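In what follows, a single structure is set out as structure tokens and then discussed.
The values are calculated or read from the model by the stated rules, or taken from the named source; none is laboratory data. Here the structure is a predicted model, which means the values were calculated and not measured. Note that each Cβ is placed from the backbone with ideal geometry, even for glycine, and that neighbours are counted across all protein chains shown. What goes into the accessible areas is simple: the full protein's heavy atoms, side chains included, and nothing from ligands, DNA or RNA. Shrake-Rupley method; radii C 1.70, N 1.55, O 1.52, S 1.80 Å.
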Amino acid sequence: MPAPSSPSFCASSIIGTGSYMPDKVLTNDDLSKIVDTSDEWITSRTGIKERRIAAEGQATSDLAAEAARRAMENAGVSAEEIKLIIVATVTPDMFFPSTACFVQKKLGAVNAVCFDISAACSGFLYALQVARHFINTGNRTTALVIGAEKLSSLINWKDRNTCVLFGDGAGAVVLRKAAASESDAPGRVLSTVMGTDGTLADVLKVPGGGSSCPITAENVESRPNTIHMEGRETFKHAVTRMLEASQQALEMAGLSASDVSLVIPHQANARIISAIAERLNLPPERVFMNLDKYGNTSAATIPVALDEANKAGRLKPGDVVLLVAFGGGFTWASSVVRW
Ligand code: ACO
């Protein structure tokens, strides 16, 4: 696939990061008491040791709003300055209003236009690109881009193939237009590529609960409103697409893998991440991983990891940061950021 040509974007920069992970920890040993699994199996196949589970009554918008508050504090912007809120999620509070509307209310971000994006684990990078377009073409110059999930609400706790993989959490960034004179502004997003292959939509999905298969008294027992995944097929496509997208985003930014200071990949499986790092020739110290603590939090993995890398001092001014994701749809995306 040829690399898409770079649109002429004005500079938009990540000026603050934040994340929020629920307190409750669910370990592999805890799961082995619910389904026929073991810490050894989960750790060796996925790299995951534990994940966080939202408290009862805590909705996706609660996680999102807390992550957003922390990102706004980090950026030093007030709620009134936010002109756009995009929440990437596959676990919205409800079908409508959008989760972003609830986040707006919780933050008091009265000047923001708010909507959600559904692109599974690629959702945050899709949302980042949409926000860049808004910043590029309009007067919505300060945006909150949030990835937030309560995947525990979509899990079939009797299915060992999936219940061990996922967790809850939220991450956010504040994205702001930089003045033309600030084309080297810190946190500048240099490029983004995105892709979709809907012919593989059935490989990873929540088949029930929507308009094609409403939940009824007859089908509720078979749990169609939970995650269904062909793991091996997903794995194969994830490696290929994430590698391809990374190379394209770097090419679009006029860079190569050897320029990358830190890659922050979607946190689904340590083996997927290692395969990509190996093919990009990146040593482990230039690859960020926190999936051992949180599992796969879908749209939240990248902004949470970005925030942790930021707060841990792993991002230095001028560093080239490669973000890359893959998810249900299939969808994939990659962005290059100059920190
Ligand atoms: N504990 C113990 N055994 C298990 C478990 C478990 N939790 N889950 C499955 N098994 C068994 C299977 O039943 C199977 O047994 P069998 O051989 O007797 O039939 C055996 O383990 C092997 O199963 P596979 O599915 O072939 O195992 P695999 O090595 O492929 O690992 C996994 C499974 C971890 C799901 C892997 O395929 C994977 O990570 N796929 C990608 C998933 C992913 O990245 N999803 C998210 C991307 S998109 C998004 O984030 C929404």
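In the set Val193, Val239, Val260, Val189, which member is of a type in the set (A, V, I, L, M) and within 14 Å of the ligand (Cβ to nearest atom)?
Answer to the selection: Val239.
Looking at (1) on the phi > 0 side of the Ramachandran plot; (2) in a helix (DSSP H, G or I), which is the one condition that is false for Gly169?
With respect to (1) on the phi > 0 side of the Ramachandran plot; (2) in a helix (DSSP H, G or I), Gly169 is out only on (2).
With the requirement that a residue be farther than 18 Å from Ala170 by Cα, of a type outside the set (Val, Ile, Thr) and in contact (Cβ under 8 Å) with a residue 60 or more places away in the chain, what does the range 132-152 give you?
Within the range 132-152, Arg132, Asn136 qualify.
The rows are residues; the columns are (1) away from the ligand (no atom under 16 Å from the Cβ); (2) open to solvent by 50 Å² or more (accessible area, probe 1.4 Å); (3) out of contact with any strand residue (DSSP E or B) (no Cβ under 8 Å at 6 or more places or on another chain); (4) not assigned by TED's automatic domain parsing to the domain that holds Val173.
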position	(1), (2), (3), (4)
Thr46	no, no, yes, no
Ile53	yes, no, no, no
Thr60	no, no, no, no
Ala67	yes, no, no, no
Ala75	yes, no, no, no
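Sort out which residues of the range 163-177 are within 18 Å of the chain's Cα centre (by Cα) and either surrounded by fewer than 22 Cβ atoms within 10 Å (Cβ to Cβ) or not acidic (Asp, Glu) (or both), and write them in order of number.
Leu165, Phe166, Gly167, Gly169, Ala170, Gly171, Ala172, Val173, Val174, Leu175
Quick check on the range 273-288. Is at least one of its residues assigned to a helix (DSSP H, G or I) and under 16 Å from the mean Cα position of the chain (by Cα)?
Yes: one or more hits.
For the range 151-158, check the following and say yes or no: at least one residue is in the same structural domain as Leu291 (by TED's automatic domain parsing), closer than 30 Å to Asp39 by Cβ and either within 13 Å of the ligand (Cβ to nearest atom) or at pLDDT below 95 (or both).
no
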